[in-house]
Every structure is written in structure tokens, then in C-alpha cells.
Amino acid sequence: MLNEKPEPREEARPAGNPRRPARGSYKPRPETLALLKVSGNAINGLGETERRRSSPFFWHPPDQHPYGELQVVARTSSRKCPGSAEVFASAYTHPELIPVAADRRIARPEQLAVEATDFALAHEAGGVGIAPMDPLYVFDGYTIQEPWVIVLALAPDYERLKEVPSDETNGIGVCEIGAQYARGTRVSYALANWIRSQGYNAQAYPGPSASALLLIPPAIASGLGELGKHGSLINRQYGAGLRLAGVTTDMPLVATRPDRFGADEFCSTCQVCTNACPPGAINEQKQRVRGVERWYVDFDKCIPFFAESASCGICIAECPWTRPNVRPKLLSTMARRLGLDQEPAEP
């Protein structure tokens, strides 16, 4: 039965973090609320019944959305944490893309997909998914010409991740997040340059700043996980908390398959992240967003806390799927309930 109760709250919760306020206890500062000039939920398409491209949002350049001043507060807050300025600087440091080689290497798409995957895994990626480009993967106002998306997953260290949120005395959590973004930058540019050396065009799309490419939709399509109630990807091997990077290319490839392992069904009854969220931004039910019924986090409640708290991540740290000692049991339980294989399908 899918309506079985989730594990008790006390089992699913990591060791207590005194920097985490209780749900409902957080009230944003008036000066922070004053910077939330327009509802982000409207920009994100909450309640819309027609499908459309996503609009540029909080982490795009400030001339593309109304949250530039709030973005500055968030960046300034996070950089006060010990070590965070240096680690995020490395996330924005990357080599130049090399010219595309004049001689194009010809090989079967299956072979090229294997080689691209092996290259990425050998250069810091924790997981790799491949999906054909969909116009809905591209933010409104941007253009991507390449027909393939390679999504790279970077898994955090759980013991460091669970230290979120960070503050001026403890920057472990935010530094761990920044370290994964830096890995994503290194591997995405390395892979893009390897593809270019084979005679094919490739563009890199690392975080944390957003650009043309949405990353979670092609990550789901390519088998890197399912969308969780907290709005983050849940991966069967690493849980929630993955940072993502992408590479688009015209190299002929073969898509990897979506991976259903029960995270979506588990989220429908689990309340751990909902109860852990200080501003109460995580809804208990799915909502319609740009024509699709899906899990959605209330932007207007989440972002002020995020900005004031040197980033957040409480929901992904608390998520039962993120806990290494809980995840195998969840996979087994959901496979049994849903009649699924415990191992992902082969591409």
C-alpha cells in the first residue's frame, strides 16, 4: 500500500543543528521583504495551465529579473561564512573553450556516448545522464542550438552537507555546496573541451549562476533521479543534494533512460522536509506549474530565509533519501511496494 506512514520524524532527522530555527518560527526582516518586489511564484508560473518555457529567475543576471538587490544580500551573506568566498571563487573559475577540431571523429553514437560518459566519470562527475534537447529545457529569451544535453551530477559529502545552514562561525555546509559547484565547473568545461577535440561543438553550463539551460528537467529525463517534494533532485545512489552541471553538444549520442525508484510516491506521504522548513515554503501537495502538476517550493517564502541564512539546504539535509544509512532501506521498501527493480535500467 502506498499510503503507509513514513518513518518517524526522529529517525529521519540528522543530528540536531542549533542554527536551524523551528518551522514557523522564522520571520524575515522588513528590509529583506522590501527587496521581494514581485512575487517569484508568478514569474515561475505557479497556477498556470499552459506549458511554456521557464522565465529567468533568481540566479540569472540581475537585469533579467526583479531580485538583483536580494541576490546581493544572499551572496554577501554566504560569503561571510569561513572559507566560502574562496570556494565559490573556484566555482566561477574555468578554462577557455578550445576551438572545435577541424577533423571530426566518426564513430557510432553508442560508442561516443560511452566515451563521453567515461571521460566525465574520470574527471570528477558522480553520475552522467544523456537526453535529447527539448525546447522546454531552455530558459525564455535564450537559444541553444545543440541537439543533445549531457547532465553531470556532483554528490556532496553528507556529513558536511548536514551542517547547513551556515553562519559567520561555521561555513562547513555552504562550503560543501560551493565545492560541488566548483567540481561541476571543472568537469563540464573538461568534457566540453574533450568533445570539441573530437570535432564536435559543445558548450558548458555549470552553476551556481544560471544561464540558458535548465538542469533538473533533463536530469530527470536522463535517469539521474526523481523530483522531490523539496524541489531538488533525488538520486537513488546519492539521495538529494546533488549539484548539477550540463554540456550541450551536436556529437551524436544515445539517450539514457529515466529512473523510477519510488521517490515521488514516498514524497507524497513523507512530511520530513515540510516540517523542517523554517519559513514553511514546502507544500504538502503537488501544484500546477506552467501546465504540469509537480512538487513546488514557494519562492516568496523560501528566498528571504535563504538570503538571510547564508544559503540553506535544510530540506535536502533532512531528507531521508540523503541519509546513507536510510537510503538502502527506502530503495528496498519502495521497490517492494511498487514492484520495481532495485537496480536502474540499462540505457
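By the Cβ-Cβ criterion of under 4.7 Å, the unpaired cysteines of the chain are CYS81, CYS175, CYS267, CYS270, CYS277, CYS302, CYS312, CYS319.
First measure r as the distance between the Cβ atoms of ASP118 and HIS94, then evaluate 1/(1 + (r/R0)^6) with R0 = 22 Å and state the FRET efficiency to the nearest 0.05.
Values: r = 21 Å, r/R0 = 0.98.
Once the sixth-power term is evaluated, E becomes 0.55.
Stretching the chain fully between ARG23 and GLU343 yields a gain of 111.6 nm (0.36 nm per residue, less the alpha carbon separation).
Answer rounded, prolate or oblate for the stretch 268-329, using the Cα gyration tensor with square roots of eigenvalues a ≥ b ≥ c: rounded when a/c is under 1.5, else prolate when a/b is larger than b/c, else oblate. Don't skip to the end; give the middle numbers.
Details: a/c = 2.23, a/b = 1.14, b/c = 1.96.
It comes out oblate by the Cα gyration axes.
Extension gain, ASP167 to SER209: 0.36 nm times the residue separation minus the Cα-Cα distance gives 13.0 nm.
Treating only the Cβ atoms of Lys and Arg (+1) and Asp and Glu (-1) as charged, compute the dipole magnitude of the chain about its Cα centre; round to the nearest 20 debye.
Working: 38 positive and 39 negative charges, 113 e Å.
Value, rounded to 20: 540 debye.
Computed extension length for GLU159-ASN201: 11.3 nm, one decimal, from 0.36 nm per residue of separation with the Cα-Cα distance subtracted.
Global size of the stretch 135-250: 15.0, 49 Å for Rg and Dmax (C-alpha atoms, Rg to one decimal, Dmax whole).
For the stretch 179-335, what class follows from the C-alpha gyration tensor (a ≥ b ≥ c being the square roots of its eigenvalues): rounded when a/c is under 1.5, otherwise prolate if a/b is larger than b/c, else oblate? Prolate, because a/c is 1.5 or more and a/b exceeds b/c.
Restricting to lysine pairs 8 or more places apart or on different chains, what number in the chain have Cα atoms under 27 Å apart? So the count works out to 25.
Fewest Cβ neighbours within 10 Å first, please rank HIS60, HIS94, HIS230 accordingly.
Exposure proxy ranking, most exposed first: HIS94, HIS60, HIS230.
What trypsin sites (Lys or Arg not before Pro) in the stretch 238-323 are in a loop by DSSP, with at most 16 other Cβ atoms within 10 Å of the Cβ? Numbers along the way, then the final one.
Values: sites: ARG243, ARG260, LYS286, ARG288, ARG290, ARG294, LYS301; in loops: ARG260, LYS286, ARG290.
Here the sparse-neighbourhood loop sites are LYS286.
Taking the centroid of alpha carbons for each part, the stretch 189-215 and the stretch 301-339 are 28 Å apart. Structural size metrics of the chain, computed from C-alpha coordinates, are Rg and Dmax of 19.8, 61 Å.
Ordered by packing density, taken as the mean number of other Cβ atoms within 10 Å over each peptide's residues, highest first, how do 102-112, 170-180 rank?
Details: 102-112: 12.0, 170-180: 23.9.
Result, highest mean first: 170-180, 102-112.
Only one residue of PRO56, ILE316, VAL100 has its Cα farthest out toward the positive end of the dipole of the stretch 9-338, where Lys and Arg carry +1 and Asp and Glu -1 on Cβ, and that residue is ILE316.
Apply 1/(1 + (r/R0)^6) to the Cβ-Cβ distance of ARG294 and ALA335, taking R0 = 22 Å, and write down the FRET efficiency to the nearest 0.05. Approximately 0.45, to the nearest 0.05.
Read-outs: derived from the displayed coordinates by stated rules, not from any lab. Please read these numbers as outputs of a predicted model, since none were measured by experiment. Neighbour counts run over all protein chains shown; Cβ positions are idealised from the backbone, glycine included.
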